[in-house]
């Protein structure tokens, strides 16, 4: 699957769901230890994925389709390439609910989101299909669910640009994105995150949020095209 910026073709890097397990009647110690409430929750859904930010967006998506809560969501240090095992990936998320059928419904929504709507991207090489350069996440959520709205300090239903890239690419891209009228930073992720990336949540009217994600993409690609653009002697010192 490919996508096009104003100047480049992008390759979709589809996330891979590595584990998806339902614990229908979880022990109270496990519930409490993971942040669930044993007085309200009985069941847990465990997932791991090779893309942390894609998983977080999918966890939020699940809360819009089932009465579940995201009680645990964490990235693993250094990223999927340095995972603790073949099924660990880059992040783990846990859904909690009062009934196993509700958690199963949330897991179904999460799986569909990862398979169809949420992904990192990279610039395509000369063949138009092989990714080159760094992966980045210019994801737009038209309406937030309960999980990311709390993480961003925004109301449920707000529009969000979830923008993540390697450190310098992220800073240049975010500067371009924040200069789009109508958006503001709801949360900033300074470099390095646990997986050595950086980024931010931007919010505003949906059309402006979409424009900000586009500007972020163009900023990232500009760094990829000219990473050493400032490695020259300033003009006033030239002779």
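Things to note:
- Spin-label model distance (nm) - residue 207 vs residue 115, 7 Å beyond Cα toward Cβ: 3.5
- For the stretch 15-116, the relative contact order works out to 36 percent when only alpha carbon pairs closer than 8 Å and six or more residues apart are counted.
- Fewest-first ranking of 216, 120, using other Cβ atoms within 10 Å as the exposure measure: 120, 216
- Between the stretch 117-178 and the stretch 184-239, the alpha-carbon center distance in angstrom: 11
- Between 0 and 90°, nearest 10: helix 167-178 axis offset from the chain longest Cα axis: 90
- Ellipticity at 222 nm from helices only: DSSP H runs of n ≥ 4 in the chain, each -39500 (n - 2.57), divided by the residue count, give -9500 deg cm²/dmol.
- Among 159, 57, 226, the largest mean-square fluctuation in a Gaussian network model of the chain (Cα springs under 10 Å) belongs to 226.
- Note: relative contact order over the chain, using C-alpha pairs below 8 Å and six or more positions apart, is 18 percent.
- Computed over the chain, the P(r) curve from all C-alpha pair distances, binned at 5 Å from the origin, holds 1, 7, 13, 16, 18, 16, 11, 7, 4, 2, 1, 1, 0, 0, 0, 0 percent per bin.
- Under 13 Å from a label point set 7 Å out along the Cα-to-Cβ vector of residue 230, the amide N atoms of the stretch 151-175 belong to 168-173, 175.
- Rg of the Cα atoms in the stretch 15-116, relative to 2.2 N^0.38 Å, amounts to 1.00.
- By the count of neighbouring beta-carbon atoms within 10 Å, fewest first, 18, 107, 95 end up ordered 18, 107, 95.
- Axis angle, to the nearest 10 degrees, between helix 52-63 and the longest C-alpha principal axis of the chain: 50 degrees.
Here, each number is a calculation from the coordinates, and none is a lab measurement. Predicted model, so just to flag it, every value in this text is computed and none were measured. Cβ: placed from backbone, ideal geometry, glycine included. Neighbour counts: every protein chain shown.
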